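Below is one structure; the comments refer to it alone.
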Amino acid sequence: MNAVTKAIKHVGLSVLAGRCGVTYQAVRKWERKRIPAERCRAVEEATGGAVTVHDLRPDIFGPPPRQPESAEAAREVA
């Protein structure tokens with residue numbers, strides 16, 4: 001499942017399109033092809049961060065940043 005499909009499943013096609021200020025056809029096009037970089041932040045905001053700009057366009061925004069390990073997990077490894 002690509003990141004745009006994940007965003008659609010998270011909030012719904014019409015809601016995603018509305019929050020991003022585009023038509024549902026535009027969102028379907030992103031799903032089939034590639035989302036424009038300038039729309040990625042809107043999708044991230046529309047999904048409340050469930051789908052990030054890194055998920056949508058890692059070629060531009062890079063891979064998702066690593067989550068810092070909790071102190072408890074670090075102690076277990078040591």
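The values are calculated or read from the model by the stated rules, or taken from the named source; none is laboratory data. Remember, it's a predicted structure, so these values are computed and weren't measured experimentally. No Cβ is skipped: glycine too gets one built from the backbone with ideal geometry, and neighbour counts run over all protein chains shown.
Any idea which residue in the stretch 24-42 is nearest to V53 (Cα to Cα), counting only those that are part of a helix (DSSP H, G or I) and hydrophobic (A, V, I, L, M, F, W, C)? Once the filter is applied, the top-ranked residue is C40. Pairs please, first residue from the stretch 55-68 and of a type in the set (K, R), second anywhere and modelled with pLDDT of 85 or more and assigned to a loop (DSSP other than H, G, I, E, B), Cβ atoms under 9 Å, 6+ apart in sequence or on different chains. Going by the 9 Å Cβ cut-off, the qualifying pairs are R57/R34; R57/I35; R57/P36. Taken over the stretch 1-53, the criterion of being under 26 Å from P65 (Cβ atoms), loosely packed, with under 14 Cβ neighbours inside 10 Å and of a type in the set (G, A, S) is satisfied by A37, G48, G49.
What number of residues within the stretch 43-59 satisfy the criterion of being part of a helix (DSSP H, G or I) and over 16 Å from N2 (Cα atoms)? Within the stretch 43-59, residues that are part of a helix (DSSP H, G or I) and over 16 Å from N2 (Cα atoms) number 2. In the set (1) touching a Cys at 6+ places or on another chain (Cβ under 8 Å); (2) modelled with pLDDT under 95, V43 fails one condition alone, (2).
Applying the selection to the stretch 54-66, what residues are of a type in the set (A, V, I, L, M, F, W, C), surrounded by 16 or more Cβ atoms within 10 Å (Cβ to Cβ) and more than 18 Å from G12 (Cβ to Cβ)?
F61
Remark: pairs (first residue in the stretch 1-23, part of a loop (DSSP other than H, G, I, E, B); second residue surrounded by fewer than 16 Cβ atoms within 10 Å (Cβ to Cβ); Cβ separation under 8 Å; 6+ apart in sequence or on different chains) = M1/K9.
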